[in-house]
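Remarks on the structure that follows.
The values are calculated or read from the model by the stated rules, or taken from the named source; none is laboratory data. Predicted, not measured: the structure shown is a model, and the values here were computed from it. Quick reminder, even Gly has a Cβ in these numbers, built from the backbone with ideal geometry, and neighbours come from all protein chains shown. With ligands, DNA and RNA removed, areas are computed over all heavy atoms of the protein, side chains included. Shrake-Rupley method; radii C 1.70, N 1.55, O 1.52, S 1.80 Å.
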Amino acid sequence: ECLARYEILLENYVKTITVELNTALEMVNRLYLPAGAKYLGKLAQGNRFCYETGVVSQAAVRHQREIAKLVDEIADSTKKLTISFETALSHKDILEQAQGLYTALRDDLGELRKHVDHLESYMPKEEWPTPSYTDLLFYL
């Protein structure tokens, strides 16, 4: 009976983490990466206009480069998380699946979250697709 309970708990863990990772990947691919790319396009367009008129702001160029770097890091982290996630689920043994998902959650999702949070700190509030922590805490 203890072994059966253990397997049920592992299956529940795998299902829960699978939902969490799928949700995170969907949010990144449908919300955060498109918002970052859109904002990057606006910065590039503005910097190009400034360059063409002979007014170049090094701070604006650095800001554009930082946004581009973060968008690339998010894309790379998303790919890494997707590979870890798929690898974990490819195991036949439920314990190996759970261990692989734990590692993906701890390492790869943590890295992805760090990059997304960093991007949020650079973007204007009106360009960010979800409420900020301040909005959630004080204005909802």
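Structure above, values below:
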{"item": "Residue in the stretch 10-33 that is among the aromatic types (Phe, Trp, Tyr), more than 16 Å from the chain's Cα centre (by Cα) and part of a helix (DSSP H, G or I) present", "result": "yes"}
{"item": "Whichever residue in the stretch 94-124 is open to solvent by 70 Å² or more (accessible area, probe 1.4 Å) and farther than 18 Å from Arg30 by Cβ and, among such residues, is farthest from the chain's Cα centre (by Cα)", "result": "Glu96"}
{"item": "Top-ranked residue in the stretch 38-59 [being surrounded by 15 or more Cβ atoms within 10 Å (Cβ to Cβ) and under 16 Å from Tyr122 (Cα atoms); ranked as farthest from the chain's Cα centre (by Cα)]", "result": "Leu43"}
{"item": "Criterion: among the β-branched types (Val, Ile, Thr) and exposed (fewer than 11 other Cβ atoms within 10 Å of the Cβ) - qualifying residue of Val14, Val19", "result": "Val19"}
{"item": "Of all residues making up the stretch 28-37, the number that are among the hydrophobic types (A, V, I, L, M, F, W, C), surrounded by fewer than 17 Cβ atoms within 10 Å (Cβ to Cβ) and free of Cβ contacts under 8 Å to residues at least 60 places away in the same chain", "result": "1"}
{"item": "Every residue from the stretch 73-87 that is closer than 18 Å to Leu119 by Cβ and open to solvent by less than 90 Å² (accessible area, probe 1.4 Å)", "result": "Glu73, Ile74, Ala75, Ser77, Thr78, Leu81"}
{"item": "Single unsatisfied condition, Leu119 versus (1) touching a Gly at 6+ places or on another chain (Cβ under 8 Å); (2) free of Cβ contacts under 8 Å to residues at least 12 places away in the same chain", "result": "(2)"}
{"item": "Checklist (1) at pLDDT 90 or above; (2) more than 19 Å from Ile83 (Cβ to Cβ) applied to Asn22, failing item", "result": "(2)"}
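Matching residues to (1) modelled with pLDDT under 95; (2) touching a Pro at 6+ places or on another chain (Cβ under 9 Å); (3) among the polar types (S, T, N, Q); (4) closer than 30 Å to Ile8 by Cα:
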site: Val56; (1), (2), (3), (4): yes, no, no, no
site: Asp76; (1), (2), (3), (4): no, no, no, no
site: Ser90; (1), (2), (3), (4): no, no, yes, yes
site: Leu136; (1), (2), (3), (4): yes, no, no, no
